[in-house]
Every structure is written in structure tokens, then in C-alpha cells.
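Undergrad: Take this structure, written in C-alpha cells, and hold onto it; I'll ask about it next.
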Ligand code: PBG
């Protein structure tokens, strides 16, 4: 009788040996937790399509921040739901805008907690697009203007940095946004503020619950003239290349689950820290299945996270961050 020479099961025989040969690890230091801040007082409103995720008013932010810190999560990603919107997203770059107020408060409450500011216009514009819109009444068309939008995005980024944001994360997908924001930050004296570029952001159906949460659904058309076609992988490298050339400090792939190949190819082609955004519908789908008793939430979430890391992500933005931090403490 002949025996197999290679027995892969030898290295799987016990918890101890499995830990010894484990290739990939997940720690709390890998995580960024997104937060939605809103106007008003005493507002803690659950987002219906994202159970466990809330709109929080500033007065309730302190308690939340303390909890995040206690769990050891190093960074939060800040989204604002403003009181008023207009054509040019003014509330995105007001000194007392909701994001700016929240950033100041968080830096006062927990100076060591990193504030990552999402820099976009869609939550702040009445039309819900990520840039400025030019309407042609005669033709009945509307176009998202690129270079004009850059000016507004630079204003937003600089005002966020002034308010104390540690990292600027532009998610608008205009061409040249990294170069524009980099020079705007530098001129304003924020030469050391890093840019986490949403380099590869697809026009995805997986943002649905977020748009409920951020009230940022486009009022007409879609985002396909600026966000990427899900069918394109090579173009992802061109997007990332452009951002690296323009001075990005970190690269992001978004969404994550359906784009693991893109995470891997960016990892192989660039040496910048790589971020995966585990987006809203990726969260909601697991929540819905778990609520029905169809999947084991903790096991599925931890397996997904280790999958992102194995694919090449260094950092994960996820609505599960608080749960994961608690689970990692249990183990
Ligand atoms: C804003 C922005 C979006 C997300 C993050 N920043 C939505 C969009 O592009 O419509 C999505 C995040 C998520 O789905 O969790 N540009």
C-alpha cells in the first residue's frame, strides 16, 4: 500500500498548529468605523436598512466616541447629514457645517482617535450628485462638471482639515481630484495631512442602504459618468496610477466583496497602504440573513474580513467594526 507523501492535514491537526501556520491575521488596528452625524439634539435614529447603524446628533456623539475608543478602534470615517442642501453643496465647506462641528468635537473628546473625513458633495447638494451640475434647458440635459467641482471639493477638504480632520478621504470620482486637493491642502498649510483616495470606486448597487442613510440618492440620472463600470478591471489600475502620480497616500477599492480581484491587483501593482470599503449593502445582506437565522453573523463577518486581508487589504472600513472589535477581545 502506498501512502500520500504530502499530507496537508498534518498542519491542520490542532488549534495550536493551525495558529502557528496561519498566513493572515485580523486585528482591531485594521479597522475604520463609519459614523453618520446629523443636526438636532438627542437624535439617535436607526437607519432602517442598516440595523445597528444610527444617525447621531452632536450631543450624543461623545458617548459613541468613548465606546469606539474603549474598543480600541483607531479611526472613524465621518459622514454628515446636513440640515439644508443647495445646488453647490455649500454646507460641505462651511466652517460650522455638520462634519466640521463633529470633527472639532471628536478631536476634543478623543484626540488620539483618527478622524477620516469623507470629502464629497452628494450629501450636501439638492440634486444629490457628487459634483456641480450644468443644466441645458434647451436640450433638457444635465452634465456633471469636472473642473468646477474640483474647486468646491478643495474648499470642503480644507475646511475639514481646519476643523481637525486627520485624513482626507475624497470619494467624488472627479478627474484630477487628488492633485487639486493636495495643492489646496498644501497652500492652506496642511502639508502633513494624508489623502486616502477612493481611487477605484465602482458605480455600484451595493451603495443603496448608504444612500438612504446619507439622503444622497441622485435626484436625476445616475453616477455612471464618474464612478467606474463594474466590468472593468484594467481601468482600476489606471485610476490608481493617476491618484498615485497626483500624490495620494493611500488607495481604496470600493465596494469590496464583489471586487476582491481588484484589491489583489492593486496590491500587486502599488506599495501604498490599501483600503477596502465593506459597503452598506454588504453589511445589510449579512444582517438580514443573520436576523432570519440563516447564517452565523460572527463567523460570516470574521471570514469576510480575513478574506479582504488575504486579498491584499491593509485597512478595512466596515459598519461591523464595533462588533468585530468586541469579538476579537473575546478570543
Ligand atoms: C459618497 C459616498 C458613497 C458611499 C461612501 N461615500 C455613496 C455613493 O457614491 O453613492 C457609499 C458607502 C456605502 O455604501 O457604505 N460619494
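Each value in this text was obtained by applying a stated rule to the coordinates, not by laboratory testing. This one's a predicted model, so the numbers in the text were calculated from it and none came from an experiment. In this analysis, Cβ positions are derived from the backbone assuming ideal geometry, glycine residues included, and neighbour counts consider all displayed protein chains.
Undergrad: How far is helix 177-187 tilted off the main Cα axis of the chain, in degrees rounded to 10, range 0 to 90?
TA: That helix lies at roughly 70 degrees to the long axis.
Undergrad: Pop the C-beta distance of residue 258 and residue 175 into the FRET formula with R0 = 22 Å and round what comes out to the nearest 0.05.
TA: 0.35
Undergrad: To check you understand DSSP bridge types, tell me what percent of the beta bridges within the chain (both residues inside) are antiparallel, rounded to 5.
TA: Beta bridges within the chain, antiparallel portion: roughly 20 percent.
Undergrad: Under a 10 Å cutoff between Cα atoms, tell me which one of 217, 141, 193 has the largest fluctuation in the Gaussian network model of the chain.
TA: With Cα springs under 10 Å in the chain, the top fluctuation among 217, 141, 193 is at 141.
Undergrad: Still on this structure, I have one more. If one takes the longest principal axis of the Cα atoms in the chain, at what angle in degrees, from 0 to 90 and to the nearest 10, does the Cα axis of helix 321-330 lie?
TA: Roughly 30 degrees, rounded to the nearest 10.
Undergrad: Would you mind giving the three semi-axes, in whole Å and largest first, of the ellipsoid equivalent to the range 23-330 according to its Cα gyration tensor? Could the numbers behind the result be given before it?
TA: Values: eigenvalues 147, 105, 82 Å².
The answer is 27, 23, 20 Å, longest axis first.
Undergrad: OK, next. Nearest 0.05, what FRET efficiency do residue 151 and residue 17 give at R0 = 41 Å with Cβ-Cβ as r?
TA: 0.10
Undergrad: Using a simple spin-label model with points 7 Å from Cα along the Cα→Cβ vector, what separation in nm is obtained for residue 217 and residue 138?
TA: Between residue 217 and residue 138, the label points sit 3.4 nm apart.
Undergrad: Additional query: Per-residue ellipticity at 222 nm for the chain, helices alone: DSSP H runs ≥ 4 residues times -39500 (n - 2.57), over residue total, nearest 500 deg cm²/dmol?
TA: Result for the chain, helices only: -11500 deg cm²/dmol.
Undergrad: Out of 146, 292, 278, any idea which swings most in a Gaussian network model of the chain, alpha carbons joined below 10 Å?
TA: Among 146, 292, 278, the largest mean-square fluctuation in the Gaussian network model of the chain belongs to 292.
Undergrad: Mind giving me the FRET efficiency for residue 59 and residue 192? R0 is 45 Å, r the Cβ-Cβ distance, nearest 0.05 is fine.
TA: Efficiency, from the Cβ-Cβ distance: 0.90.
Undergrad: For the range 11-26 and the range 208-279, write down the distance between their C-alpha centroids in whole Å.
TA: With the range 11-26 and the range 208-279 each reduced to a Cα centre, they are spaced 32 Å.
Undergrad: May I ask you to compute the full-extension gain from residue 45 to residue 3, defined as 0.36 nm times their residue separation minus their alpha-carbon distance, rounded to one decimal in nm?
TA: Net length gain for the segment: 8.9 nm.
Undergrad: I'd like to compare 320-326, 229-235: which one has the highest average count of other Cβ atoms within 10 Å, and what's the full order after that?
TA: My ranking of the peptides, most packed first, is 320-326, 229-235.
Undergrad: In the Gaussian network model of the chain, springs joining C-alpha atoms below 10 Å, which of 11, 274, 237 carries the largest mean-square fluctuation?
TA: Of the options given, 11 has the highest mean-square fluctuation.
Undergrad: Within 10 Å of each residue's Cβ, count the other Cβ atoms and sort 58, 152 from fewest upward.
TA: If I rank by nearby Cβ atoms, fewest first, I get 58, 152.
Undergrad: Compute the helix-to-body angle for 147-162: its Cα long axis versus the longest principal axis of the chain, expressed 0 to 90° and rounded to tens.
TA: Computed tilt is about 70 degrees.
Undergrad: Quick check on the exposure proxy: order 251, 302 from fewest to most C-beta atoms within 10 angstrom.
TA: 302, 251
Undergrad: Still on this structure, I have one more. Please arrange 215, 129, 134, 55 by counting, for each residue, the other beta carbons lying within 10 Å of its beta carbon, fewest first.
TA: Sorted ascending by nearby Cβ count, the order is 134, 215, 55, 129.
Undergrad: Please give the Cα centre distance for the range 289-328 versus the range 48-82, rounded to the nearest Å.
TA: Taking the Cα centre of the range 48-82 as reference, the centre of the range 289-328 is 18 Å away.
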